[in-house]
Amino acid sequence: MVKTILVLVVSVLATSLAQAAPIVIKFSHVVAPNTPKGIAALEFKRLAEMRTKGRVRVDIYPNASLYKDKDELEALQLGAVQMLAPSLAKFGQLGLKDYEVFDLPYIFPSEKVLHEVTQGEIGHALLDQLSSRGILGLAFWDNGFKVMSSNSPLRLPSDLKNKRMRIQPSRTLEAQMNELGAISVPLAFSDVYPALQSGLVDGTENPPSNFYTQRMQEVQKYVAVTNHGYLGYAVIVNKKFWTSLPGDLRVILEQCIADATQKNNDEAAKLNKAALDAIRKSPGVQVVDLTPQERETWRKALAPVQVKMEGRIDRNLIEQIKSLSENR
């Protein structure tokens, strides 16, 4: 009798301990905590842990402290991390070439058109493509539109001729720099500052928030506000891990992602404006605001990229996005 009671007690204790142990979600990313993505990741952590009442714990690893750009997707597929928010340019490396539509210069004339894509049928169809790679796509997060920077005077496309420009690994971004007569140098985000500092590269492209939080204003002298391209992220999870979660937890976590997405997009607009203002005030940096005529020069210089990428990116996808722009 005593033995039976002891077995029952041990069983109850083991069950209680198992129930008390939270499910851990490792969320790795490569940017600073005070960027739009960094803030949204922390918001997801806060909401998930609060709303699941401790059944889930989210561990955030910012600034490539766990995995660099080139390693994080493989780590997710292997289950070493459960959640990422990589830039959209990364998915071309998985063979999902349509994601490079986001890299096309001047494809999005406004945030409104951008959000019609990322929050509409086109965005859902792109997220669905990830399933074949053992990945589930949950949402798109904004960072913002990019500026060009260099260590030599920069105002017109011709000013980048023969300059060594850091890019994310993307055939579309490579084609963009080729069109400008620049030399593309693919580098991990965490390697950009030392590459600029050492002169390995002459310049780069980034939304102002990334530029400023990585202190690139210390190693770049000129910034042109071209707003030529978009940088965004896809929030993704390991498919096997996510589908193994209890259904009620998935519902809660998906709502947490939706709320964190809104937080991210709100912060992106504010932080990029604040970062650009701060860059303007930084000593030794000249920020160039383009005239309408100069902006049109950039548009015309980069227009051939869209045509050249039609063999890589689904032409119908490009036309769908362009039709949204034309109907504004």
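Since every read-out is calculated from the coordinates, none of them should be taken as a lab result. What you are looking at is a predicted structure, and each value in this text was computed from that prediction instead of being measured. Positions of Cβ are generated from backbone atoms using ideal geometry, with glycine treated the same way; all protein chains shown enter the neighbour counts.
Might you report the magnitude of the Cβ-based charge dipole of the chain about its Cα centre, with Lys and Arg at +1 and Asp and Glu at -1, to the nearest 20 debye?
Dipole size: approximately 580 debye.
Tell me the mean residue ellipticity at 222 nm calculated for the chain from its helices only (DSSP H runs of n ≥ 4, each -39500 (n - 2.57), averaged over every residue, nearest 500).
-14500 deg cm²/dmol
Rank these for me by crowding, TYR230, TYR61, going from fewest to most other beta carbons within 10 Å.
TYR61, TYR230
Based on Cα positions only, what radius of gyration and what Dmax would you give for the chain, in angstroms?
For the chain, the Cα radius of gyration and maximum Cα-Cα distance read 22.1, 91 Å.
State which entries of LYS221/LYS308; LYS26/LYS270; LYS68/LYS221; LYS26/LYS70; LYS45/LYS90; LYS37/LYS68 exceed 20 angstrom in Cα-Cα distance in the structure shown.
Violating the 20 Å limit, Cα to Cα: LYS221/LYS308; LYS26/LYS270; LYS68/LYS221; LYS45/LYS90.
Span-like helices, the chain: DSSP H, alpha-carbon axial extent 24 Å or more, mean Kyte-Doolittle -0.5 or greater, which ones?
Working: long enough: 2-20 (27 Å, 1.88); 247-281 (50 Å, -0.46); 292-308 (25 Å, -1.16).
The answer, listed by residue number, is 2-20, 247-281.
Give me the log10 of I(q) over I(0) for segment 213-287 at q = 0.14, 0.15, 0.17, 0.27 Å⁻¹, as the Debye formula computes it from C-alpha points; what are the numbers?
Scattering profile of segment 213-287, log10 relative to I(0): -0.66, -0.71, -0.79, -1.30.
Would you kindly state how much longer the chain becomes between LYS221 and ALA269 on full extension, computed as 0.36 nm times their sequence separation minus their alpha carbon distance, in nm to one decimal?
Separation in residues times 0.36 nm, less the Cα-Cα distance, equals 14.9 nm.
Going Cα to Cα from LYS163, which aspartates and glutamates come in below 15 Å? Please leave out same-chain ones fewer than 8 positions away.
GLU174, GLU179, ASP202, GLU205
Considering only DSSP beta bridges whose two residues both sit in the chain, what percent are antiparallel, to the nearest 5? Intermediate values should be presented prior to the final figure.
Numbers: 19 of 36 bridges.
Given both bridge residues lie in the chain, the antiparallel proportion sits at roughly 55 percent.
Among VAL201, TRP242, LEU104, which residue has its Cα positioned farthest towards the positive end of the charge dipole of segment 20-320, with +1 placed on the Cβ of Lys and Arg, -1 on the Cβ of Asp and Glu, and the dipole taken about the Cα centre?
With unit charges placed on the Cβ atoms, the residue in question is VAL201.
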